[in-house]
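Presented below is the structure to which this report refers.
Read-outs throughout are calculated quantities, based only on the coordinates presented, and are distinct from any laboratory measurement. Here the structure is a predicted model, which means the values were calculated and not measured. For neighbour counting, all protein chains shown are included, and Cβ atoms are generated from backbone atoms with ideal geometry for every residue, glycine included.
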Amino acid sequence: MLVNQLSVFMENKEGRLEQVLETLAEGNININSLSLAEATDYGMLRMMVSDPEAGKKALKEKGFMARLTPVLAVDVADEVGQLQVVLTKIKQAGINIEYVYSMKAGGDDGATIIIRTSDLEKTQEVLKA
Amino acid sequence: MIWNEAKECMSRDQLQTLQSARLVKLVDRVYHNVEFYRRKMQELGIEPGDIKGIEDITKLPFTTKADLRDNYPFGLFAVPQSQIVRVHASSGTTGKATVVGYTRKDISVWAECVARAFAQAGLGRDDVIQIAYGYGLFTGGLGAHYGAENLGATVVPMSTGNTKKLVTMMKDFGATAIACTPSYLLHIAETLEAGDDIKDIKLKAAICGAEPWTEQMRKQIEEKLHINAFDIYGLSEIMGPGVACDCIYHKGLHVNEDHFFPEILNPDTLAPCAEDETGELAFTTLTKEGIPLLRYRTRDLTSISYAPCECGRTTARLSRFKGRSDDMLIIRGVNVFPSQVEAALLEMGETSPHYMMIVDRINNLDTLEVQVEVDEAFFFDRLSELDSLTKKIGHVLQQAIGLAVKVKLVEPNTIERSMGKAVHVIDKRKLV
């Protein structure tokens, strides 16, 4: 399923992540999952939130560089090797995976994985097949 | 030691007579050979005949770096190109280089001036001198090289970049002197200290220039290396290093006044300043053939003293430089204008135009960091794209200013917007 991820550019400065979380909390926006990738001078905060549009608006009002990025939310069974099956399909189709993080850890309903690839549409087709 | 006693120690009266004769010839030459000066003089309503001596110099037009740029590349040359044996260039404000040309005689005058400077530092034919300025379009390397050869010393053309090799050769060759930027010399000193090599070197003097430095830094160098450190001044527009240099008494830089006539001007009114009053330094190249300049505004702030020096020289002395009357920065000997950074960023068009240059001196080497705000339109979610944007900006800036730059992407609206004149530079080097 194609979903909107909230991406925030953050300088590596003390307290910056806290300010993002505070802004979202003030806007009554719930964070379902989050991943923080870091480079030397800055980081990229990627989140699945209850209302991405409202989240982006709230952050931009506070001066953050935020945008919505389409990503794929893929359900996988909570069993050994299931994520690998999904990734192998993508790889075999010649699609490059840019990043992956987990949204829902698992349990009886299975797990949900967030995937960003070089070609989201094609990835969707590959996974449906 | 005084290299050319006849010229460096002549009475002020004799010197004025010489300067007057040379100025009259110079004005005649530029009026007839350089369209730019002929037009300027006509605009001011003066003819060569109006200039009868050095006291008439204030009637003459000024020259600025912009004039060199507008006449790029050879427009201000006063001789046919067949007589030019070498060109040098330094960076200009908009990426266009400032080009200067030398005749064979110019090269020999230059070598004479630099030899005087080395002699002032107590050096001669028995010395082994390492030249550790960059060789190339920059005047530092070749300028110091020809001067040291003229002196008769054994010259080691190191250039810059390989400190380890420099240190090894300094020991193995028994180098007694080095010519380089002061910050590079401090870096060399630290390398020597780290390797416990100071006891093995024979260095006795250093001739440093091409960037501003303080009296404290000079003393620091002297203490670390147990040498005498001398301040050499020059700029490519006038000649290169060797326009002025200080002597063992370190009470100002002796100007080679028989070749370069100095004036100190109020930077706002351009009226002459009194002796010992700080103002902008301007030079008229009394003997230059390739690209003679009238009253070239250096933008360097200093004062001048005509009092005789204990060393015996009678030439005027410039006080230690107190800064600049424009926003030019000198970073690792390279002239950098904030407008170059701005123009490059705007031309590239993939960032916001808000930037901040942070100049620092880390381990005695100048560093330049340029902070650029991430622009909405070029903000990517992928780190690899941000990384390539950072690299691209770094490459574009390096092409524009000729200096390696550390680029740092920052969040929008974090660079201060100023209401008046925008502040684009934070210089953390403590120089004054």
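May I ask you to evaluate 6.51 cos²θ - 1.76 cosθ + 1.60, the Karplus curve with θ = phi - 60°, for each residue of the stretch B:325-341 and list the ³J(HN,Hα) values in order in whole Hz, giving x for glycine and proline?
Per residue, the Karplus-derived 3J(HN,Hα) values read 9, 10, 9, 5, 10, 10, 10, 6, x, 9, 7, 10, 10, x, 4, 5, 5 Hz.
Using the Cβ atoms and a cut-off under 14 Å, what net charge is assigned to the surroundings of B:GLU190, where Lys and Arg are +1 and Asp and Glu are -1?
Once all neighbours under 14 Å are counted, the net charge is -1.
So, with +1 on the Cβ of K and R and -1 on the Cβ of D and E, and no other charges, what is the size of the charge dipole of chain A about its Cα centre, to the nearest 20 debye?
Dipole size: approximately 380 debye.
Treating only the Cβ of Lys, Arg, Asp and Glu as charged (+1, +1, -1, -1), what charge dipole size does the stretch B:331-427 show about its Cα centre? Round to the nearest 20 debye.
Result for the stretch B:331-427 is approximately 340 debye, rounded to the nearest 20.
Just check the stretch A:71-128 against the gyration tensor rule for me: Cα atoms, a ≥ b ≥ c as the square roots of the eigenvalues, rounded for a/c under 1.5, and otherwise prolate or oblate depending on whether a/b exceeds b/c.
Judged from the Cα gyration tensor, the stretch A:71-128 comes out prolate (a/c at least 1.5, a/b above b/c).
For peptide B:379-390, what's the mean number of Cβ atoms from other chains within 10 Å of each residue's Cβ?
The shielding value for this peptide is 5.
Rank by packing, highest mean first: peptides B:355-362, B:236-243, B:405-412, B:32-39, with packing defined as the count of other Cβ atoms within 10 Å averaged across residues.
Listed from highest to lowest mean packing, they are B:236-243, B:405-412, B:355-362, B:32-39.
Mind telling me which of A:GLY81, A:GLY43, A:GLY55 comes out most flexible in a GNM of chain A, alpha-carbon contacts under 10 Å?
A:GLY81
Is the shape of the protein assembly as shown best called rounded, prolate or oblate, per the rule: a/c under 1.5 gives rounded, else a/b larger than b/c gives prolate, else oblate, with a ≥ b ≥ c the square roots of the Cα gyration tensor eigenvalues?
Prolate.
Using the alpha-carbon atoms, what tilt in degrees (0 to 90, nearest 10) does helix A:52-61 show relative to the longest principal axis of chain A?
30
Mind checking which of B:ALA111, B:ALA194, B:ALA144 has the largest fluctuation in a GNM of chain B, springs on alpha carbons under 10 Å?
Evaluated over chain B, the most mobile residue of the options is B:ALA194.
By the gyration tensor of its Cα atoms, with a ≥ b ≥ c the square roots of the eigenvalues, what is the shape of chain B: rounded for a/c under 1.5, prolate for a/b over b/c, or oblate?
Oblate.
Net charge around B:THR58, counting only other residues with Cβ within less than 12 Å of its Cβ (Lys, Arg = +1; Asp, Glu = -1)?
The answer is -2.
By count of other Cβ within 10 Å, fewest leading, how are B:PHE283, A:PHE9 ordered?
A:PHE9, B:PHE283
Over 27 Å between Cα atoms, which of B:LYS96/B:LYS251; A:LYS13/A:LYS60; A:LYS13/B:LYS219; B:LYS65/B:LYS251 qualify?
Too far apart for the 27 Å limit: B:LYS96/B:LYS251; A:LYS13/B:LYS219; B:LYS65/B:LYS251.
Fewest to most neighbouring Cβ within 10 Å: what's the order for B:TYR249, B:TYR133?
The order, fewest Cβ neighbours first, is B:TYR249, B:TYR133.
Once the dipole of the protein assembly as shown is set up with Lys and Arg at +1 and Asp and Glu at -1 on Cβ about the Cα centre, which of B:SER388, B:PRO182, B:VAL359 lies farthest towards its positive end?
B:PRO182
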